[in-house]
Each structure stands twice: as structure tokens, then as C-alpha cells.
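Take a look at the structure set out below.
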Amino acid sequence: MSNRPTELSDTARNQAMAEIDGWAYDADAKAINKTFSFKDFSEAWGFMNRAALLAEKMDHHPEWFNVYNRVEVKMTTHDAGGVTELDIQMANAMESFAAG
């Protein structure tokens, strides 16, 4: 039995994403993405720091881009060829981090 994550079916992915505010599926990249906006750079950095600590713990890392108070995030599981439960878990965690 493998512990490797597997790509979610379209139905499972769509159901999970319906419960996560503001995330979109990019079919070409086989990834989910969202842009977060914060009050200032310090808040954006704090968000990224919390997400980075969890990413290390999960061994599942986002692709992201930061300019001042904006953080663009893309989540996919390259080994599985698309979105897995790990991406959904990270997206949910990022939502809670952004809410403060």
C-alpha cells in the first residue's frame, strides 16, 4: 500500500473547492490558485511564514509570489500530476492563516 498522494477526481476536487473561498482551478496547470491581499508587507510576510512552517511539516510546498501586501499562491502535487488532498489541506490552512 502506497502513502503517495493521488490526484483527486474532478468531482472530489470540485466538492472540496466549493468549501474553500476564492480558490480557482487552473486546468492547464492542474493546480489551484488564489491571490491573498493583506494590510501591509508585514502581514503578508507573517502569512507566508506560517504557511512555510506548515509546508515543511507536511513536506508539501506551495509555489508563490509576493509583492508588498499581495501573495499569489499556486498549489499542485507534481508527483501525482494534479491536485491532491495535500493541496486542499494547505489551501484550508492558508485560509485560516489569512483570517488571522
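Quick notes on this structure:
- Taken over region 1-18, the residue count meeting the criterion of being open to solvent by 40 Å² or more (accessible area, probe 1.4 Å) and free of Cβ contacts under 8 Å to residues at least 24 places away in the same chain is 9.
- Single residue of 34, 30 found to be in contact with a strand residue (DSSP E or B) (Cβ under 6 Å, 6 or more places away or on another chain), touching a residue at least 24 places away in the same chain (Cβ under 8 Å), basic (Lys, Arg) and within 11 Å of residue 98 (Cβ to Cβ): 34
- Subset tally (residues that are within 16 Å of residue 89 (Cα to Cα), outside any strand (DSSP E or B) and open to solvent by 40 Å² or more (accessible area, probe 1.4 Å)) for region 58-76: 3
- Residue that is surrounded by the fewest Cβ atoms within 10 Å (Cβ to Cβ), among those in region 77-86 that are touching a residue at least 60 places away in the same chain (Cβ under 8 Å) and out of contact with any Lys or Arg (no Cβ under 8 Å at 6 or more places or on another chain): 85
- The conditions of being under 19 Å from residue 98 (Cα atoms), out of contact with any Lys or Arg (no Cβ under 6 Å at 6 or more places or on another chain), modelled with pLDDT of 95 or more and among the hydrophobic types (A, V, I, L, M, F, W, C) are met by residue 52.
- Within region 47-57, considering residues that are open to solvent by 30 Å² or more (accessible area, probe 1.4 Å) and out of contact with any helix residue (DSSP H, G or I) (no Cβ under 8 Å at 6 or more places or on another chain), the one farthest from residue 6 (Cα to Cα): 49
The values are calculated or read from the model by the stated rules, or taken from the named source; none is laboratory data. Given the structure is predicted, the values throughout are model-derived calculations rather than measurements. Note that each Cβ is placed from the backbone with ideal geometry, even for glycine, and that neighbours are counted across all protein chains shown. Note: accessible area is taken over every heavy atom of the protein model, side chains too, but ligands, DNA and RNA are not part of it. Shrake-Rupley method; radii C 1.70, N 1.55, O 1.52, S 1.80 Å.
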